[in-house]
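Here the structure is laid out as structure tokens; the discussion comes afterwards.
Any read-out appearing in this document is the output of simple, stated calculations on the displayed coordinates, not a laboratory observation. Computed from a predicted model, the values in this text were never measured in an experiment. Virtual Cβ from ideal backbone geometry, glycine too; neighbours counted across all protein chains shown.
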Amino acid sequence: MGARRLDRPLGPGAVVRRPVTLRWDGREIDAREGEPLAVSLLANDVATISRSFRFHRPRGLMCATGSCGWCECEVDGLPSVRSCRVPAREGLVARSEHARPSAAFDLLGVLDRANRLVTPGFYHHRFLRPARFRKAYLDVIRWFGGRGRVHPGPRPPREWGEGREGGDEHVLAADVAVVGGGPAGLTAALAALGAGARVIVVEAEPEAGGTARWSTTDGGPGGSGSRALVAEAIDRLGADLLVGATAVARDDDILRIVGPTGPVAVRAPIVIGATGSYERPPFVPGGDRPGVIGSRAVEMLLCRWAVLPGERAALVGDDASTAGAARLLEAAGATIAARIPDEALTRIDGRDRVRRVRWIDGGRQRSTAVDLVVVGRRVPSLELPTLAGARLTWRTGALAPDLDDAGRTSVAWLYVVGSATGLGRDADRSPRQAEATGRSAAEAARPGVAAFAPGTLRGVTPVSAAPASVTAEPGGNAAAPDEDAHVCFCEDVRVHDIRRERAAGYDDPESLKRRTGALTGPCQGKYCLDRFLGLCGVGPGAPGGEAPGGEASARSSGSFLLPTTRPPLRPIRLAELAGPKDRA
Amino acid sequence: MTARAPGAAVRRLLATKPAPAGAAIVIVGGGVAGLALALELHRRGLEDVVVVERGYPGSGATGRNVARIRAMQLSEELCRVASACQAKYEAMGEALGFNILFYRMGYAWILYEADEVARMREIVAMHHRIGIRSDFLDHDGVLRTVPVLRGGEPPAAGVVHDDGIVHHDAVVWAHLEALARTGTTLLPQTVVTGIRRDESGVAGVETDRGTIATRQVVNATDAWSSAVSALADVVAPNRPYRREVLVTAPVERFVDKAITFYRPHEGWFNQTLRGEVVMGAVDPDEPAGLDQRSSWAFLRRTAALMTRKAPALGDLSVIRQWAGMYDVTPDHLPLVGPTSQLPGWWQMNGWSGRGMLLAPYTAELLASRIAGEAPAMLAMFDPDRFPRDAVSSTEQDRDYYRRYARAASG
């Protein structure tokens, strides 16, 4: 059992690639030139790529889109590189980080067994005496910290990376900037173009099209209609389609972008967020085991890279993407061992990889051996709305931006389309919302029409409604989340950590964020924000959050405040940010 | 006082609640200054204290700073008080029964230009005279002690001292848990909307949760202090300035000193216990004003300056940035004590970037002053030391060293 490479990819758009050899933790790995390093590792059945920060839990390829950070490793001496973002090439040298001796076999993995003792505040009442050992205690704590390694000394310029190093900031101007070049973003962009707006599209992947590039999901975004849409958009946008470029912040009405040509500033009064959604690990113990993989990542592995991620799969969730992944897995010869509704899953067993899933079926406990768990349940990407300080709401069980009929958030400059709206399948399958929003955005960008709200950036984020209770949490146990389920994966914060801090008297989200570290990891709450809020028990009128720009603290009835999302929206290397102009 | 505070007591302290009708003393501001003062007042037997906080405790500069606790300063008067403040932190963990992670990682000034080297030689001589054991390092010594600077702009010299950092949130929690065991009332999420005065001085504090009758008000709101003073018609020279910070993904231990340099403009970085590197490059043209938004210009400026000084830092990934406020006075020393402008009005603000370091010990001095004593060290923080029309301006202080020229020569 395990992952392996197939003879040929199952989807459209794949090209035959040259075999190359690279090094992983001292051993040679066969890879295909240009495929993501994380895919090369999985194809060689390397399930564990990294270890979690606090408890050294094994983690592997999960999202394959640079979001989860579970595939971070050292690449050619550069620390904490997301290996799903690095194209494989001959002679590349990668090694696992934060593990002794290696991610595959990490002696510090034993720490996880003490997770109820080594709580986020385990030091609060300890290590005070004798005073002469205090520094030594902290030296030990410091030894456990860190992740990657920095090698001192001068730095040669590098040719690869998520963005070119240095470089002057290019300044572009548009009426509407669309963040995300998938089907929804391109539909909105074409509609805005049609309405006479100057449009710039920013796409993080090296090519536009999103899922349409490789997905075979019938009738979904990967249908032939979508591919025609992508071709038309590429044709009509031309140089105004920026690929390999990630929006990381917005200030002074300028969208800040890091891309292959260095930092780019896009001055645009209106932004359309088409940043999609994330499959996220189930809210059960073991939800982060290597072998838990998002349904669209599974589709991509099979269709684009010809890698079978497991022989015997459990499907969690019943959306179109999970069904599409199931068909592909069966076509590749894998077995679908179980189809489990989100709320029925109770536990995923295994150590360095998934071994068994447990669920409840008609009141009975069931389990089966698997080596792959495909998760389809998606949550909207909330980075732009939370960065903007837009109002959020709960929609179809997930936290989502509160939108008016035109697709506009409560912040005048931000619109949202596609699966980032949380509108679910309907929005995904129909370009109508994206089209209408694109036209509205173009309209709003005309001088004198848009009412800008300067100063709303990075401000308080009121939420219009709250979950009735944590039992409504999707993707988890129907009754209540297990005490050992992860809330925040980056910081290994479990349900019992939140409960303990609440029992200690810290009840509001801001205190709980600081006390537990939840939401403060590199993913900044992509996967945990709604679960965290549910466990915080926040409801209308609850305190928390902070006020923007020194204004008086906002407390509006019927809403509560979220901890602030801090820019940048994805990690950026200092070398990428530093430009020769500033250096001079 | 080493027992854990019961959860119910902490919950009660942190809960939003209506303002009480009256109090002996109202402290406006629930940052490290206000919380430490509340605790010191309790120790002196002064009860019936209410702390009013507009956000959550520590939501201002306290929760946003990097908490360097440094005895080594540029002027003799600051060195003396900072040494006492550092000693306060050294003892704080045991005193409050809460580990605040005071960690002596060491501190280094890195010097690049001949004039600052000459200046620093005098300052190190002053250190030695008053018992601060700083060390002067030459170029090679700096690169040996701080190897991360190798390959960067060649440092001319450096000064190191055994200073430390604390965990700012832990300092807040230590105070909250200690306060939960006292009768102190904390009003979080409560905004002061007005100050009542009558012919004998301060008469009350108006908030959006009710009015508190009181004869004593302490303004511990730092960057917001001029606005709060204005509510009482008290004029203060303080002006708020934004300072920005970024933090990188954690890496294994590789920098052993908290680094600061002043040329070409002020910049600093250090590694935390978790392994993250926090850093910032100060904008010499930052305008005065309350603004806690983070800026792209800061990221670019900091990245450019840090990779110039220490190219290895270029490998690090920024995962988060934020901004906090400095409350700057004309002489960069805080205002701590009563003001002749209004009986019953106490200033405890204008920390000029040193609130985390100075506040806990200064709170001890101020509490004794409020109790009727006259601690000598407070004299230099006298809020009445400026002319009434004085206003801070950083214009004349673009050269960091010059801010301390008067203090050092005078």
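Size descriptors for region A:357-399: radius of gyration and Dmax over Cα atoms are 17.0, 46 Å. Which FRET efficiency value, to the nearest 0.05, do you get for B:HIS128 and A:THR368 by plugging their Cβ-Cβ distance into 1/(1 + (r/R0)^6) with R0 = 56 Å? Taking R0 as 56 Å, the efficiency between B:HIS128 and A:THR368 is 0.15.
Arrange the peptides A:409-418, B:28-37 so that the one whose residues have, on average, the most other Cβ atoms within 10 Å appears first. Can you show the working numbers first?
On the way: A:409-418: 27.0, B:28-37: 30.2.
Going from most to least packed, we get B:28-37, A:409-418.
If packing is taken as the average number of other Cβ atoms within 10 Å across a peptide's residues, how do A:138-145, A:177-184, A:118-125, B:275-282 rank, most packed first?
Working: A:138-145: 16.0, A:177-184: 31.1, A:118-125: 18.9, B:275-282: 23.4.
Top to bottom by mean Cβ count within 10 Å: A:177-184, B:275-282, A:118-125, A:138-145.
Rounded to the nearest 20 debye, the dipole size of region B:157-253 about its Cα centre is 180 debye, using +1 on the Cβ of Lys and Arg and -1 on the Cβ of Asp and Glu. Along its three principal directions, the equivalent ellipsoid of the protein assembly as shown from the Cα gyration tensor extends over semi-axes of 48, 31, 29 Å, largest first.
Since only A:VAL199, B:LEU143, A:ILE498 are under comparison, the one whose Cα sits farthest along the positive direction of the charge dipole of the protein assembly as shown, derived from C-beta charges on Lys, Arg, Asp and Glu, is A:ILE498.
Once the Cβ-Cβ distance between B:ASP140 and A:GLU33 is put in as r, and R0 is 56 Å, what FRET efficiency do you end up with, to the nearest 0.05?
Details: r = 46 Å, r/R0 = 0.81.
After rounding, the FRET efficiency stands at 0.75.
What is the dipole size for region A:1-78, taken about its Cα centre, with +1 at each Lys and Arg Cβ and -1 at each Asp and Glu Cβ, in debye to the nearest 20? Can you show the working numbers first?
Details: 12 positive and 10 negative charges, 48 e Å.
The calculated dipole for region A:1-78 is roughly 220 debye.
On the basis of the beta-carbon distance and an R0 of 25 Å, A:ASP318 and A:ARG4 show a calculated FRET efficiency of 0.40.
Report the semi-axes of the equivalent ellipsoid for region A:1-128 in whole Å, largest first, where each axis is √(5λ) for an eigenvalue λ of the Cα gyration tensor.
Values: eigenvalues 214, 42, 32 Å².
Ellipsoid half-lengths, sorted descending, are 33, 14, 13 Å.
In terms of overall dimensions, the C-alpha atoms belonging to chain B reach 63, 47, 41 Å along their principal axes, ordered largest to smallest.
Think of the protein assembly as shown as having a plus end and a minus end, set by charges on the Cβ of Lys, Arg, Asp and Glu; of A:SER50, B:ALA95, B:VAL278, A:SER50 sits farthest toward the positive end of this dipole. Take chain B and mark each of the trypsin sites (Lys or Arg not before Pro) that is in a DSSP loop with at most 13 other Cβ atoms within 10 Å; the longest unmarked stretch, sites excluded, is B:134-387. Evaluated with a Cβ-only charge set (Lys, Arg +1; Asp, Glu -1), region B:193-237 carries a dipole of roughly 100 debye about its Cα centre, given to the nearest 20.
Overall size of region A:1-64 from C-alpha positions, given as principal axis extents largest first: 40, 25, 23 Å. Averaging 1/r over each pair of different alpha-carbon atoms in region B:33-187 and inverting the result gives 17.7 Å, the Kirkwood hydrodynamic radius.
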